[in-house]
Amino acid sequence: MSSAAHAPDVPAGGLASRRRARAGDVALHGVALVAALSAVGLLALLVGKVVVQAWPAIRHFGAAFLWTDAWNPNADLYGAASFVFGTVLTSFVALVLATPLAVAIALFLTEIAPRRLAAPIATVVELLAAIPSVVLGLWGIVVMGPWLRDELEPALHGALGWLPIFAGPTQEVGVLPASLILTIMILPIVSSLCRELFSRVPRELTDGALALGSTRWESLRRVSLPYAAPGVAAAMLLGLGRAFGEAIAVTQVIGGQTAIHASLFASGDTLASKIAASYQGATSGLQVQSLLYLAAILMVISLATNVAAQAVVARLGQARRLH
């Protein structure tokens, strides 16, 4: 008897269905591969274009561009020091202010607030991310700036004026208003991610801590926070990336001064703000190339921050697995 006689009968419809399934798998893999390669190609194209356009300025100024504090189109003399300083300062002040607020909001919504109260509060917090940056900047000019000049900055100067960061005359534009605007902008991002992280903490871990006699605060501090720490670090990374790249709202409230000051009350500028404010009005080829040099520096800072944050996330995740 031939081997064909022992082969199981497969309905023709079943073979057609399996062929369609395989064709679907192939199509899915192809589409996913194309999408991934497109993202990589787009990033490479963006980076390459910026570097090529900035190369004349890179070759002209060299690395000294990074620590030169100057921006004089009349003399074709440019430097990035004050913009790098302003970018790092405003972003990290915003991160320092936004992170504890975001974590506290996330803990309240996931662990403390009743469900009927948590949902509307979460919606309101997330709606902050939907406000256009230009509207936030306008609010900063009309409402927040005068309040800072007349109320908050004099109070800070009176209590902590011996610190360099709170010294100097008060004004409605400057580094502090820009930092507060960035705080508002990154708060919903970090808060939303932290809320998702805390909601995924295994309930048996927190219940076990409470059953062993821990208070609610001790359960949050010893169980929830350590468990979610790697994800919180990643959320901080996303918030910091948003702060680094924000331009319009910062341009409206930071003052646009090319200078490095220790005081948060003084005017300043950032990389993204300078590019947004000056690119259309550039009067020479070297000025345009210098602005693109600023863009290249901003990309390097963002990349370095992402790499460092990913390393922190991996280290914290490994430490959690070991414990």
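Side notes on the structure shown:
- Exactly one residue out of Ala243, Ala235, Ala262 is of a type in the set (A, V, I, L, M, F, W, C), at pLDDT 80 or above, touching a helix residue (DSSP H, G or I) at 6+ places or on another chain (Cβ under 7 Å) and loosely packed, with under 15 Cβ neighbours inside 10 Å, and it is Ala262.
- For region 9-65, filtering for residues that are at pLDDT 90 or above and at positive phi leaves 0.
Matching residues to (1) aromatic (Phe, Trp, Tyr); (2) touching a Ser or Thr at 6+ places or on another chain (Cβ under 6 Å); (3) modelled with pLDDT of 85 or more:
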site	(1), (2), (3)
Gly268	no, no, yes
Lys274	no, no, yes
Gln287	no, no, yes
Tyr293	yes, no, yes
Ala296	no, no, yes
Met299	no, no, yes
Val312	no, no, no
Arg321	no, no, no
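- Scan region 114-129 for residues that are of a type outside the set (A, V, I, L, M) and surrounded by 12 or more Cβ atoms within 10 Å (Cβ to Cβ) and the total you get is 1.
- Residues that are at pLDDT below 90 and either in contact with an Asp or Glu (Cβ under 7 Å, 6 or more places away or on another chain) or outside the structural domain of Val125 (by TED's automatic domain parsing) (or both), drawn from region 146-187: Thr170
- Among (1) assigned by TED's automatic domain parsing to the domain that holds Arg203; (2) free of Cβ contacts under 8 Å to residues at least 24 places away in the same chain - the single one Phe83 does not satisfy: (2)
- From Glu246, Glu218, residue being farther than 30 Å from Val175 by Cβ and not small (Gly, Ala, Ser): Glu218
- Among the helices (runs of 4 or more DSSP H) confined to region 216-323, the ones with at least 2 residues that are out of contact with any Pro (no Cβ under 8 Å at 6 or more places or on another chain) and among the charged types (D, E, K, R) are located at 216-219, 285-322.
- Here region 81-103 is the region considered, the condition is being among the small types (Gly, Ala, Ser) and in contact with a helix residue (DSSP H, G or I) (Cβ under 8 Å, 6 or more places away or on another chain), and the residue that is nearest to Ala63 (Cα to Cα) is Ala81.
- Restricting region 53-80 to residues that are of a type in the set (A, V, I, L, M) and over 26 Å from the mean Cα position of the chain (by Cα), the residue that is farthest from Ala272 (Cα to Cα): Ala75
- Residue match in region 210-228 (condition: under 27 Å from Ala304 (Cβ atoms), within 18 Å of the chain's Cα centre (by Cα) and assigned by TED's automatic domain parsing to the domain that holds Ile105): no
- Within region 77-134, if we keep just the residues that are among the aromatic types (Phe, Trp, Tyr) and touching a strand residue (DSSP E or B) at 6+ places or on another chain (Cβ under 9 Å), the residue that is farthest from Asp269 (Cα to Cα) turns out to be Tyr78.
- Pair list, Cβ under 8 Å, 6 or more apart: region 240-262 residue in the same structural domain as Gly79 (by TED's automatic domain parsing), other residue of a type in the set (Phe, Trp, Tyr): Leu240/Phe92; Thr258/Trp71; Thr258/Phe83; Ile260/Phe85
The values are calculated or read from the model by the stated rules, or taken from the named source; none is laboratory data. Worth saying up front: this structure is predicted, and the values here are computed from it rather than measured. Note: ideal-geometry Cβ built from the backbone for every residue, glycine included; neighbour counts use all protein chains shown.
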